[in-house]
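**Student:** Got a structure for you, questions after.
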Amino acid sequence: MGRRRYVGQRQCPLTDQNYAIAPLSMLLRAVSQGTSPGTLTPIHRMFAYAALQAGNFTPEVQAIIAVPMTDLAPQYFPIAYQDHLLYHFYAGILAAACGHYDRAIELLELCVSAPTQSIPSAIQIDAYKKLVLIQLIHRGKVAALPRYTAPGVTSSCKNLTAYADLVSAFTRLDRAKFNETAQKHVEAIQKVRRNTLHLS
């Protein structure tokens, strides 16, 4: 029957997350009536995950991920650190898939620069990898991370040899070198793609 994850108290097959989108969308609308539209809840993370896995890039999905998450309401919606990371990670990928690259960059930067302990989350590192590729595609260069990014995250990102090599080749406008570098590191890049929906 395949892998399953729980959304609320109902089991949702990973093979068709579209079934989860409508009820989650209804929950988000209900939640927004009692809080500000920019209040982040665990439902946002579930919604973004379901939309991404289903390949659902409808105007409704785009409208939801376009709203900046600027508030929390822990007294009503207990939220974990990973809810914040995963929502912005998934929403960033959704935004990029919809062609909203500036919004994708903003969302992924929020994930990468989130406060953390000395050991960064794997989610943040994967978010950085996607951030690099989207910035190269959309802007032709990679911007420095925000100054308030945790030192451990910044250090880990600087040690990503495959992505540093890609950026170097791309910014030199050396197509042959870029293709050679991409081929050299193809396994590392494809691994990020395979792992995207298995972060937890």
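Here, each number is a calculation from the coordinates, and none is a lab measurement. Just so it is clear, the model here is predicted, and its values are computed rather than measured. Reconstructed Cβ throughout: ideal geometry from the backbone, glycine too, with neighbour counts over all protein chains shown.
**Student:** Could you give the dipole magnitude of the chain about its Cα centre, charging the beta-carbon of Lys and Arg +1 and that of Asp and Glu -1, in debye to the nearest 20?
**Tutor:** About 400 debye.
**Student:** Where does each of S113, S121, S168 land when they are ranked from fewest to most other beta-carbon atoms within 10 angstrom?
**Tutor:** Lowest count first: S168, S113, S121.
**Student:** Another question, if that's okay. Given a 10 angstrom Cα cut-off, can you work out which residue in V132, V61, V186 is the most mobile in a GNM of the chain?
**Tutor:** Among V132, V61, V186, the largest mean-square fluctuation in the Gaussian network model of the chain belongs to V186.
**Student:** Turning to a different aspect of this structure: Taking K and R as +1 and D and E as -1, what net charge do the other residues with C-beta under 11 Å from the C-beta of E180 add up to?
**Tutor:** +1
**Student:** So for C157, C98, C111, fewest C-beta neighbours within 10 Å to most, what's the order?
**Tutor:** C98, C157, C111
**Student:** Still on this structure, please answer the following. Helix-only estimate, please: 222 nm mean residue ellipticity of the chain, summing -39500 (n - 2.57) across DSSP H runs of length 4 or more and dividing by its residues, to the nearest 500.
**Tutor:** About -19000 deg cm²/dmol.
**Student:** Under a 10 Å cutoff between Cα atoms, tell me which one of L40, L166, L85 has the largest fluctuation in the Gaussian network model of the chain.
**Tutor:** In this elastic network of the chain, the residue with the biggest mean-square fluctuation among L40, L166, L85 is L166.
**Student:** Within a Cβ distance under 14 Å of E109, other residues only, what is the Lys/Arg minus Asp/Glu net charge?
**Tutor:** Net local charge, E109 excluded: +2.
**Student:** Please list the radius of gyration and Dmax for the chain, considering alpha-carbon atoms only, with Å as the unit.
**Tutor:** Taking only Cα atoms of the chain, I get Rg and Dmax of 17.5, 56 Å.
**Student:** Along the principal axes of its C-alpha atoms, what lengths does region 45-94 span, in descending order and rounded to whole Å?
**Tutor:** 32, 17, 16
**Student:** Per-residue counts of other Cβ atoms within 10 Å, averaged by peptide: what ranking do you get for 140-149, 176-185, highest first?
**Tutor:** Per-residue mean Cβ counts within 10 Å order the peptides as 176-185, 140-149.
**Student:** Of Q82, Q117, Q62, which is the most mobile in a GNM of the chain whose springs link Cα atoms less than 10 angstrom apart?
**Tutor:** Q117
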